[in-house]
Amino acid sequence: MVEDSRPLAIGRGHHAAGIQALDRGLAVLDVIAEADRALTVGEIAERLGLTTPTVSRLAATLRNRGLLAQEGRSGPYALGLELARFAHRALSAHPLEVAAAPVMERLVRELGETVSLAVPTDHGVLYVRSQGPDDRVLHVSIPVGKVLPYSATATGKVLLAYGDPMRVERVVEAGLVARTPRTITDPDRFREAIAHVAREGFAVDRGESDANVGCVAVPVFRDGSLATAALSCSAVLPVITDTRAQEMRTSLAAAAEQISEAYGWGQPVRRRMPRT
């Protein structure tokens with residue numbers, strides 16, 4: 001049998017319809033992920049502004065591929081376990097993960113606390129790697145895949161201070177939700193906090209996301225441009241005193257440079273991005 005090597009001829013209408021279906025399918029996954037629970041077809045349709053039959057067809061296709069799981073034949077839909085395979089492959093093979101792994105392992109031994117790597121997303125700060133000390137029963141645990149708000153975390157503040165300048169206002173406009181009594185919810189105070197991080201080169205969070213946890217974070221740069229990730233050290237409060245925060249900052253900054261070099265980005269450049 002001789003295969004025809006010519007490109008498949010797809011009409012413009014079919015191409016556009018295929019892209020629309022793909023986009024809607026991804027939107028279904030996104031809305032369920034954001035809900036953090038199983039959703040019925042009607043709930044998905046309402047949140048996306050689509051018809052129930054359309055969502056039903058999309059969800060059935062995603063279920064058949066293992067990307068969604070359904071409770072019974074007509075029950076609500078949850079994210080499927082097949083997504084875990086994609087996530088594992090994406091993380092384990094990503095150049096940033098490969099570069100960061102040995103550096104973070106050494107940093108955990110040096111600091112004796114949990115070290116994490118987070119990247120910016122449209123929904124918040126996504127933790128792509130986190131490692132705690134093996135010789136301690138009590139230490140902070142941050143699950144890989146966890147998404148936390150920019151406004152309540154040291155990693156988030158670092159990524160805002162050294163990232164897309166427009167993201168700060170988008171975060172403010174979306175609302176600064178209090179996770180603990182220490183979370184900054186006043187827009188002006190929040191802008192001042194981001195400006196302070198940009199001047200100092202690191203961020204400290206003492207109980208803003210979790211009342212019992214503190215964190216110090218620094219940016220990981222790419223060629224001295226926008227920060228592509230944040231490297232952090234988390235500890236149970238009140239471990240992070242001012243002196244300890246400076247010690248963590250020094251170790252984290254050196255580790256961030258090593259990650260950048262291993263990733264082939266060259267020496268990171270500390271940027272100053274004062275906010276008004």
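The values are calculated or read from the model by the stated rules, or taken from the named source; none is laboratory data. Keep in mind that what you see is a predicted model, and the values were worked out from it rather than measured. Reconstructed Cβ throughout: ideal geometry from the backbone, glycine too, with neighbour counts over all protein chains shown.
Identify the single condition in (1) touching a Leu at 6+ places or on another chain (Cβ under 6 Å); (2) over 30 Å from Arg222 (Cβ atoms) that Glu97 does not satisfy, given that it satisfies every other one.
(2)
Report every pair of residues separated by at least 6 positions or lying on different chains whose Cβ atoms are under 6 Å apart, first residue within segment 239-261 and assigned by TED's automatic domain parsing to the domain that holds Phe202, second part of a helix (DSSP H, G or I) and of a type in the set (Asp, Glu).
Ser251/Glu110
Scanning segment 131-158 for residues that are farther than 30 Å from Asp186 by Cα and free of Cβ contacts under 8 Å to residues at least 60 places away in the same chain, which turns out surrounded by the fewest Cβ atoms within 10 Å (Cβ to Cβ)?
Per the criteria, the residue is Val137.
Any residue in segment 63-92 that's touching a residue at least 40 places away in the same chain (Cβ under 8 Å) and in a strand (DSSP E or B): show its pairings with residues that are surrounded by 14 or more Cβ atoms within 10 Å (Cβ to Cβ) and of a type in the set (Lys, Arg) at Cβ separation under 9 Å, as long as the two are six or more apart or on different chains.
What qualifies is Tyr77/Arg63.
Residues to consider are Arg191, Arg167; find the one that is under 26 Å from Ala255 (Cβ atoms) and touching a residue at least 40 places away in the same chain (Cβ under 8 Å).
Arg167
Quick check on Ser234: is it among the hydroxyl-bearing types (Ser, Thr, Tyr), more than 14 Å from Tyr150 (Cα to Cα) and touching a residue at least 24 places away in the same chain (Cβ under 8 Å)?
Criteria met by Ser234.
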